Every structure is written in C-alpha cells, then in structure tokens.
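Participant: Below you'll find the structure I mean.
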Amino acid sequence: MAIEDDITFFETVPTLAVLGKQALRVLAIGAETRQLESGAVLFYAGELVDGGYIVQDGTLLVEHATPSEGSEYTVGPGTLLGELALLTDSISPITAIAKEPTVLIRISRNLFRKMLEGYPAAAKRLRDSMAERVDDWTRELTTVKSALEGK
C-alpha cells in the first residue's frame, strides 16, 4: 500500500485516529508489514510484546490465557492488538493465531514513542482519549458493582 493509503487505513483505527494526519504519516513511513500463513502464531499469552499490530487483511483467532466462557474470539481488519505495548513494556494476556493468510502492520514502541515526542499535540489527544476511556470503564464497573451488591 502507498503511504497515503496507510494513513487512510490508520484513520479507521480508533486509537490511532485521534493522532492526526502528520503523526500518522510518521507511523505509516516507519511501520512494518508482516504476513502470517494460516495457523501461524503472532504471539503467545505471557510473551513480552514490544509494539502494536493492526490487522490489515485476514483474521486472527484470539485466545485468552485463562480459558473461560467467551475466552476465544475472532478479530479482523482495523483491529489493533498490543495497544498498551505501544507505550510501555507489556506482557500479552492473549495468544493470537492467523485463521487464514493474514497481513498485519507492526508499529514498534520505539517508533510510536518518537512520533509522540515529535507531535506533542497528538500525544495530548491520545492521553485525553485514553483518559476518557478509563472514565467510561470506571463508570461501567461502578454500575456492575452496584448491581452485584444489590442482589
């Protein structure tokens, strides 16, 4: 894909969309494409992950480390795996396996951090977006807690 196509694709990924075109251009230039054959493992639960992977084409089976109901699901194009690993050392809670030939875009933590350093406005938008998501999760957990305590 051309750089402009990659930027347009990145704009469909919620975490990346807040960064803005110039910051996305840096990511598009420095990102790596990776192809997996059907059945190939992208990473295992418990492994250190050093960047994020965006499914560009194909699908991945995602399995949580602890088997439980709903612990397996499929993700496809536009899904970002390893979001936290873009910012900090992160141990994957999941195993990701290609269900079919799959194309991924890898953004290394080093590239992502350098982009944030070069584009402080993008870093602020990302921080604000993540803070809003944490607030939403906190409200949801409070609702669940209240419902459980009411039983």
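The values are calculated or read from the model by the stated rules, or taken from the named source; none is laboratory data. What you are looking at is a predicted structure, and each value in this text was computed from that prediction instead of being measured. Note: ideal-geometry Cβ built from the backbone for every residue, glycine included; neighbour counts use all protein chains shown. Note: areas computed on protein heavy atoms with side chains; ligands, DNA, RNA excluded. Shrake-Rupley method; radii C 1.70, N 1.55, O 1.52, S 1.80 Å.
Participant: How high is the relative contact order of the range 9-151? Use alpha-carbon pairs under 8 Å, at least six apart in sequence, and give a whole percent.
Facilitator: It rounds to 32 percent for the range 9-151.
Participant: Given a 1.4 Å probe and the protein chains all in place, what does the accessible area of F112 round to, in Å² to the nearest 10?
Facilitator: For F112, the solvent-accessible surface is approximately 0 Å².
Participant: Could you please state how large a percent of the accessible area of the range 70-151 is carbon and sulfur, counting protein chains only and using a 1.4 Å probe? Let's see the in-between values first.
Facilitator: Details: 2880 of 5040 Å².
The C+S portion of the solvent-accessible surface of the range 70-151 is 57 percent.
Participant: Now a separate question. Heavy atoms only, 1.4 Å probe, whole protein assembly: order Y119, Y53, Y44 by accessible area, highest first. All intermediate terms of the calculation are to be shown ahead of the outcome.
Facilitator: Values: Y119 80, Y53 20, Y44 115 Å².
From most accessible down to least: Y44, Y119, Y53.
Participant: How much accessible surface does S146 have with a 1.4 Å probe, in Å² rounded to 10?
Facilitator: 70
Participant: Excluding ligands and nucleic acids, what accessible area in Å² is computed for L61 using a 1.4 Å probe, to the nearest 10?
Facilitator: L61 exposes around 40 Å² with every protein chain in place.
Participant: Further question on the same structure: Any chance you could tell me what percent of the C-alpha pair distances in the range 58-151 go past 21 Å? Before the final figure, lay out each step's value.
Facilitator: On the way: 2367 of 4371 pairs.
That tail contains 54 percent of the Cα-Cα pairs.
Participant: How far apart, in nanometres, would the label points at R133 and T88 be if each is projected 7 angstrom from Cα along the Cα-to-Cβ direction?
Facilitator: Result for the modelled spin labels: 1.4 nm.
Participant: For the chain, report the accessible area per residue in Å² (1.4 Å probe, heavy atoms, rounded to an integer). Present the calculation step by step, with values, prior to reporting the outcome.
Facilitator: Working: 8670 Å² over 151 residues.
Value for the chain: 57 Å² per residue.
Participant: Oh, and also: Just to be sure I follow: if Rg is taken over the C-alpha atoms of the range 17-64 and Rh is the Kirkwood radius over the same atoms, what is Rg/Rh? Before the final figure, lay out each step's value.
Facilitator: Details: Rg = 13.3 Å, Rh = 13.2 Å.
Taking Rg over the Kirkwood Rh, I get 1.01.
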